[in-house]
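**Q** Shown below is the structure under consideration.
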Amino acid sequence: MKNYIVFDLEWNQCPGGKADSIEEFPFEIIEIGAVKLDEAFHQVDEFQRLVRPQVYKQMHYAISEVTHMKMRELQQSGEKFPEAAAEFLEWCGPEAVYCTWGAMDLMELQRNMDFYKIGNPLPRPLFYYDVQKLYGLFYKEGARLSLDGVVGELGLLEERPFHRALTDAYYTGRILEKMSGMMEPEDFLVYRSVDYYRLPENKKEEIRLTFPDYSKYVSRVFPSREDAMKEKAVTEMRCYICGRALRKKIRWFTPNQKIYYALAICPDHGYMRGKIRMKRMREPEVFVVKTLKLTDEEGARQVFKRKEDLRKKRASRNRAKARQAALEAREQKERETKKRKK
């Protein structure tokens, strides 16, 4: 039977700051908390473990301030991470459907597994439900709200302190349960998120998802941004409703080398807005997350305006460079003239 595993992690970090931390291990998990929900989103079990730090053995002041956890408590009552993680995964069971508040917890769980050289038994690709994203999508026009804000808004607040793993998992589960009572679960369960920690290793493994109102493509890793933009699968635009290859009205352009925009048109379904996010791996490697979404005349005008604003900005910058170059050339000529006169 399928179970929804709603989990939350608390982690510590280097008290000396990023400069002193281990690059591939910036956050060390110090608590795992989870609730198990049945198919009707009713809680049937819970899980909680403290984890004894092995790397960052002094508590970062901000973590201590938020969680009210003490290093002494973790050292005395915590388990080593490999044991705690093994117990957690066994408790989750083979048919677990993972749910989190935000996108970081699954990534940090796997990062800690890799650091301790624990085999990763999670599915690949790893789909999950980001409850923060779901709530914002259906009730807040896509805005991402804080957990405590949504708990208060829905009237779910109890005598439980936030920023502890089990409590935050419990409240996230309650939000899922509340949403299932306000709408048909099938309406939000179609919006699966995909974890980016373990990316497609080749073209065949690349991920393509279609949702009711947009499509998503997640690429393999490319050596550089330029290599990514040479790949047809990255730059093509297809209507996610009829599958038709679309003619671009505005080709891909970027204001900052991180996000690219394009506009195409489907003869049957209208304007399609494209957005590419270049996400960094190790410099200069990147992977691509591309979304395509139908838009109206106003949405199309916004893309045109963004492109025109970028053109004007670049033209202004080029004129400024040209004026500066001309000024420097004139000053150089004047210096040479003065030198000859001497």
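**Q** Write out, first by first residue and then by second, each pair whose Cβ atoms fall under 7 Å of each other, whose residues are 6+ apart or on separate chains, and whose first residue, in region 155-166, is at pLDDT below 95 while the second is open to solvent by less than 50 Å² (accessible area, probe 1.4 Å).
**A** Sorted first by the residue in region 155-166, then by its partner, the pairs are Leu157/Val151; Arg160/Thr167; Arg160/Tyr170; Pro161/Thr167; Phe162/Leu147; Phe162/Asp168; His163/Thr67.
**Q** Just wondering, is there one or more residues in region 306-315 that are modelled with pLDDT under 95, under 30 Å from the mean Cα position of the chain (by Cα) and not in a helix (DSSP H, G or I)?
**A** No.
**Q** Could I ask something else about it? Just give me the residues in region 10-44 being in a loop (DSSP other than H, G, I, E, B), open to solvent by 60 Å² or more (accessible area, probe 1.4 Å) and of a type in the set (Asp, Glu), in sequence order.
**A** Our first condition is that a residue be in a loop (DSSP other than H, G, I, E, B); within region 10-44, this holds for 14-17, 21, 23-24, 26, 38-42.
Then keep just the ones that are open to solvent by 60 Å² or more (accessible area, probe 1.4 Å); that gives 23-24, 39, 42.
Those that are in a loop (DSSP other than H, G, I, E, B), open to solvent by 60 Å² or more (accessible area, probe 1.4 Å) and of a type in the set (Asp, Glu): Glu23, Glu24, Glu39.
**Q** Here's something else I'd like to know. Out of Phe88, Phe47, which single residue is open to solvent by less than 30 Å² (accessible area, probe 1.4 Å) and within 25 Å of Gly181 (Cα to Cα)?
**A** None of the other options fit; the residue is Phe47.
**Q** Separate question: Can you confirm whether Arg111 is among the charged types (D, E, K, R) and in contact with a helix residue (DSSP H, G or I) (Cβ under 7 Å, 6 or more places away or on another chain)? Lay out the reasoning, then the answer.
**A** Values: among the charged types (D, E, K, R): yes; in contact with a helix residue (DSSP H, G or I) (Cβ under 7 Å, 6 or more places away or on another chain): no.
Criteria not met by Arg111.
**Q** Among the residues of region 193-216, which ones are surrounded by fewer than 16 Cβ atoms within 10 Å (Cβ to Cβ) and either within 23 Å of Thr295 (Cα to Cα) or touching a Ser or Thr at 6+ places or on another chain (Cβ under 9 Å) (or both)?
**A** Matches in region 193-216: Lys203, Arg208, Thr210, Phe211, Pro212, Asp213.
**Q** Sticking with this one: Count, please, the residues in region 70-103 that happen to be without any contact (Cβ under 8 Å) to a residue 60 or more places away in the chain and either in a helix (DSSP H, G or I) or of a type outside the set (Gly, Ala, Ser) (or both).
**A** Within region 70-103, the subset without any contact (Cβ under 8 Å) to a residue 60 or more places away in the chain is 70-87, 89-91, 94, 102.
Next, only the ones that are either in a helix (DSSP H, G or I) or of a type outside the set (Gly, Ala, Ser) (or both) stay: 70-77, 79-87, 89-91, 94.
Selection size over region 70-103: 21.
**Q** Can you give me the ranges of the strands (runs of 3 or more DSSP E) entirely in region 241-301 with at least 1 residues that are at pLDDT 95 or above and open to solvent by 70 Å² or more (accessible area, probe 1.4 Å)? Show your work before the answer.
**A** Working: elements: 247-253, 259-266, 270-280, 286-294.
Where strands (runs of 3 or more DSSP E) fall fully within region 241-301 and carry at least 1 residues being at pLDDT 95 or above and open to solvent by 70 Å² or more (accessible area, probe 1.4 Å), they are 247-253, 270-280, 286-294.
**Q** Also, I was wondering about something else. For Gly173, are the conditions met, namely being within 28 Å of Ile207 (Cα to Cα) and assigned to a loop (DSSP other than H, G, I, E, B)?
**A** Spelling it out, it is not the case that Gly173 is within 28 Å of Ile207 (Cα to Cα) and assigned to a loop (DSSP other than H, G, I, E, B).
**Q** Another question about this same structure. Picking from Met59, Met1, which residue would you name as being surrounded by 13 or more Cβ atoms within 10 Å (Cβ to Cβ), outside any strand (DSSP E or B) and of a type in the set (A, V, I, L, M)?
**A** Met59
The values are calculated or read from the model by the stated rules, or taken from the named source; none is laboratory data. Predicted, not measured: the structure shown is a model, and the values here were computed from it. Neighbour counts are summed over all protein chains in view; Cβ atoms, including those assigned to glycine, are modelled from backbone coordinates with ideal geometry. These accessible areas exclude ligands, DNA and RNA; they are computed on the full protein's heavy atoms, side chains included. Shrake-Rupley method; radii C 1.70, N 1.55, O 1.52, S 1.80 Å.
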